[in-house]
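Values in this text are rule-based calculations from the coordinates and carry no lab data. For clarity, every value in this text was computed on a predicted model and none was experimentally measured. Cβ sites come from the backbone with ideal geometry, for glycine too, and all protein chains shown count toward neighbours.
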Amino acid sequence: MEIKINGETEVYGIIGYPVKHSKSPQFQTSAFFYAGINAVYVPFQVRPEDLKKAVDGIRALSIKGFNVTVPHKEEVLKYLDELSEEVRYIGACNTVANLDGYLKGYNTDADGFIQGLKELLPSFSDKRFLIIGAGGASRAVIYGLIKEGVQTIFIANRTVKKAEKIVEDFSSLHRLVGEILHPVPMDSIEKLLGSIDVIVNTTSVGLKNEDRPLFDYSKIKPEHIVVDIIYKKTPLLQEAEKKGCLWQDGLPMLLYQGAKAFEIWTGKKPPVEVMRRALLQQ
Ligand code: ATR
C-alpha cells in the first residue's frame, strides 16, 4: 500500500521543546496508515514564549489534534477551551482534540500507565505501591492507580511538600484519599521496602547512567515488582532484573498513552500491535 497525501489529508502533531527525539510521529502515522485514515502526524518545535501563538495557529490551520510534551504540558492548560477530569486533577495535558476550533485537553498518561501495567500484572488493586517523584508524571500514575481501586500508595519525593500537595489536590477524587496516599521523604524508602509490593520511578533519575541512585537498589527483594517510566533499562531496572523481579520499562506507558490519544482523535480502536512494532523499530 502506498501512503496518499492529498487535499483531504488531516494533520496531527506534537508540540514540544525540544521535540526532535519524539517517537510519536512514526508510530502515530503508522497507526493512521494501518487504519486507512488519511492523516499524518508531524513534530512541531515550539519555544515556551511562542506557546500561545502555536495554539492559535493550530486553530487557524485546523490541525485536528496534537500531543503536548515538555515543557508545555502544564502551561498549555490556559489556552484550551475545556479540560477533562483527569487533566483537572493531574494539572497537565498531553493530548488535545480540535473540534472546529474548540480545543479539549486530555491526559492519556494515566490510562497509558495503567494499560501498560496490566501487561505486567493483570490485576493489582490489592498491591501496595511506592511511587517515587511528585511531578506531572507521578500525578498521572497516582490518578490512574486511585481510579483502579488501589488502596495503599506511598509517595516519596525529594521535596516532600510536593507529595503533600498531591494529597490535598486529590482529596475530592476519592473520599478515602487521606488513607490511601502517604507522602514520605526519600530517606525513608529503604525501611518502607518491606511493606510494599510495587516500586514505580516517575523521576528522571536513571536517564543518565551517572545519576545518583534514588535509594540503595541492593535492598530490592525478588518479590518486588519494579516499574520505571523511563524508556530504557535504567540502573534501577538492571538491579530488579538481577534480583529476578518482575519489571517493566517505560515502553508500555509510551505505547498506550499514544494508543489512547489515537482513540480520542479517531473514535477507532487503536492498532496497538502495529504501534508497538513501529516503536520497537525506532
Ligand atoms: P514530570 O512531568 O516528568 O513528572 P516534573 O514535574 O519536573 O517532571 O517532576 C520531576 C520529578 O522528579 C520531581 O518529583 C522531582 O523532585 P522534586 O519535586 O524534589 O524536584 C524529581 N527529581 C528530579 N531530579 C531528581 C533527583 N536528582 N533526585 C530525586 N528526585 C528528582
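The table below gives the values:
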| quantity | calculated |
| --- | --- |
| Theoretical ellipticity at 222 nm over the chain - DSSP helices of four or more residues, -39500 (n - 2.57) apiece, nearest 500 | -10500 deg cm²/dmol |
| Length-normalised contact order of region 1-93 in % [C-alpha pairs under 8 Å, at least 6 apart] | 34 |
| Bridge type composition, the chain - antiparallel percent by DSSP, nearest 5 | 20 |
| Isotropically averaged projected area of region 127-282, using the convex hull of Cα atoms (one quarter of hull area), nm² | 10.2 |
| Virtual paramagnetic centre 7 Å along Cα→Cβ of Val160, amide N under 11 Å, in region 177-200 | 183-188 |
| Net dipole in debye of the chain [+1 Lys, Arg Cβ; -1 Asp, Glu Cβ; about Cα centre; nearest 20] | 320 |
| Positive-end extreme of charge dipole, the chain - chosen from Val227, Gln281, Leu173 (charges on Cβ) | Gln281 |
| Segment Thr9-Lys52, extension gain: residue separation times 0.36 nm, minus the distance between their alpha carbons | 13.0 nm |
| Angle in degrees between helix 109-120 and the longest Cα principal axis of the chain, rounded to the nearest 10 | 60 |
| Cα-Cα pairs of the chain separated by more than 34 Å (percent) | 21 |
| Extension reserve of the Asp216-Glu85 stretch, reckoned as 0.36 nm per residue once the Cα distance is removed | 43.5 nm |
| Relative contact order of the chain, pairs being alpha-carbon contacts under 8 Å that are 6 or more residues apart, as % | 17 |
| Charge dipole (debye, nearest 20) of region 110-249; +1 at Cβ of Lys and Arg, -1 at Cβ of Asp and Glu | 160 |
| Length-normalised contact order of region 110-249 in % [C-alpha pairs under 8 Å, at least 6 apart] | 22 |
| Computed lengthening from His174 to Glu190, 0.36 nm per intervening residue step minus Cα-Cα distance | 2.9 nm |
| Cut-off 13 Å, label 7 Å out along Cα→Cβ of Leu207, residues of region 1-41 by amide N | 17-22 |
| Label-point separation in nm, Leu120 to Leu61, each point 7 Å along Cα→Cβ | 3.7 |
| Unit charges at the beta carbon, dipole of the chain: most positive-side option, Thr9, Ile146, Leu207 | Leu207 |
| Size of charge dipole - region 1-143 - debye, nearest 20, with Cβ of Lys, Arg +1 and Asp, Glu -1, no other charges | 340 |
| Amide H contacts under 5 Å for Leu83, placed H, 5+ residues apart | Gly105 |
| Quarter of the Cα convex hull surface for region 57-120, i.e. its orientation-mean projected area (nm²) | 4.7 |
| Estimated FRET transfer efficiency when R0 is 22 angstrom, pair Glu148-Glu273 (beta carbons, to 0.05) | 0.40 |
| Whole-angstrom gap from region 160-214 to region 9-33, using each part's C-alpha centre | 31 |
| Simple label model, 7 Å out from Cα along Cβ direction - Leu246 to Asp197, nm | 0.8 |
| Angle in degrees between helix 272-281 and the longest Cα principal axis of the chain, rounded to the nearest 10 | 80 |
| ³J(HN,Hα), Karplus 6.51/-1.76/1.60, whole Hz, each residue of region 37-42, x for Gly, Pro | 9, 7, 8, 10, 9, 10 |
| Dipole axis of the chain (+1 Lys, Arg; -1 Asp, Glu on Cβ), positive-most option in Ser218, Gly101, Leu246 | Ser218 |
| Helix 24-34 axis, angle to the chain major axis (alpha carbon atoms, nearest 10°) | 60 |
| Sparse-neighbour loop sites [chymotrypsin sites (Phe, Trp or Tyr not before Pro); region 196-254; at most 16 other C-beta within 10 Å; DSSP] | Tyr231 |
| Above-threshold pairs, the threshold being 23 Å between Cα atoms, out of Lys161/Lys208; Lys20/Lys232; Lys118/Lys221 | Lys161/Lys208 |
| Using a Förster distance of 30 Å, the FRET efficiency for Gln281-Gln45 (Cβ separation, nearest 0.05) | 0.80 |
